[in-house]
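**Student:** What follows is a structure written as structure tokens; I'll ask about it next.
Coordinate-derived values only; no laboratory data. All values reported here derive from a predicted model rather than from experimental measurement. For neighbour counting, all protein chains shown are included, and Cβ atoms are generated from backbone atoms with ideal geometry for every residue, glycine included.
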Amino acid sequence: MNRAKGPDEADVFLGRRLRSVRVRRGLSQTALGDVLGVSFQQIQRYETGTHRIKVSQLQRLAVALAVSMTDLLEAPRTNSSEITDMIDTPIALRLMDAFQRLTSRERRCLAALAEEMAARR
């Protein structure tokens, strides 16, 4: 059997879920690595799917992130990894938090402003 080069799709998926949960918990790669006793580079490798996560390490990750192993393995609700990658950033989380605190009218105004700014590019 000839194995394709590059990370396996399942490993990439798990890495994206790991990144999503880590960012939502407000942890840097360094902070998570410190908890697990690995480098931030190792966390990067997990998140990109270039290194597979052993079951024992998956269990430690789940404990460190205060989620179940099932939560890390859960399928995404959207098929677009591009959208997920964009949303799972600290600045996007700040924007979403601020957006939730706005009135409906303010949200519409902000959406119109963002659309106008994007149209100028």
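**Student:** Among 5-13, 40-48, how do they line up by average Cβ neighbours within 10 Å per residue, starting with the highest? Before the final figure, lay out each step's value.
**Tutor:** Numbers: 5-13: 12.9, 40-48: 18.1.
So the peptides 5-13, 40-48, ranked by packing, come out 40-48, 5-13.
**Student:** Using packing as a proxy for protection, rank 103-109, 49-55, 89-95 so that the peptide with the highest average count of other Cβ atoms within 10 Å comes first. It would help to have the intermediate numbers written out before the result.
**Tutor:** Numbers: 103-109: 10.0, 49-55: 14.4, 89-95: 11.7.
Going by the mean number of other Cβ atoms within 10 Å, highest first, we get 49-55, 89-95, 103-109.
**Student:** Please compute the net charge surrounding V35, taking Lys and Arg as +1 and Asp and Glu as -1 over other residues with Cβ under 12 Å from its Cβ.
**Tutor:** Values: positive: R22, R25, R60; negative: D34.
For residues surrounding V35, the net value is +2.
**Student:** Here's another thing I want to ask about it. Normalise the Debye intensity by I(0) for the stretch 1-77, one equal point scatterer per Cα, no solvent, then take log10 at q = 0.17 Å⁻¹ and round to two decimals.
**Tutor:** -0.59
**Student:** Working from Cα positions, state the angle (0 to 90°, nearest 10) between the long axis of helix 9-24 and the longest principal axis of the chain.
**Tutor:** 60
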